[in-house]
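Report on one structure; see the data block that follows.
Since every read-out is calculated from the coordinates, none of them should be taken as a lab result. This structure is a prediction, so every number in the text was calculated from the model and none was measured. Counting neighbours? That spans all protein chains shown, and the Cβs are built from the backbone with ideal geometry, glycine included.
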């Protein structure tokens, strides 16, 4: 199984290297249209290789997706915590009731009865 995993990541790495080499041209990213930049007098531009822009886009998309999924599953995590608290309360109540049932009895007999 490790061999398959290593092979998969090797292929992914190779594909990323090929994409990076094929997209080495420099591109200019502009934060706003040129007409608006001239009107405001600012032009926040940055020049990067195209593969960096592609990989950053994929990374930002993954982060947004992970965050969205984390927010979406909040209700499920809250329900799980509530169920865990309820189970712990019920376990404590059962232990308390078992103790009350066997109060004043011989310890060995109480252990034998509680195992059945």
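Give me the log10 of I(q) over I(0) for the stretch 1-71 at q = 0.28 Å⁻¹, as the Debye formula computes it from C-alpha points; what are the numbers? Relative scattering, expressed as log10 I(q)/I(0), comes to -1.07.
R0 = 35 Å: FRET efficiency of residue 48 with residue 2, Cβ-based, nearest 0.05?
The calculated FRET efficiency here is 0.45.
Only helical runs count toward this figure. For the chain, summing -39,500 (n - 2.57) over DSSP H runs of n ≥ 4 and dividing by all residues gives -25500 deg cm²/dmol at 222 nm. Computed from the Cβ-Cβ distance with R0 of 30 Å, the FRET efficiency linking residue 63 to residue 38 stands at 0.35.
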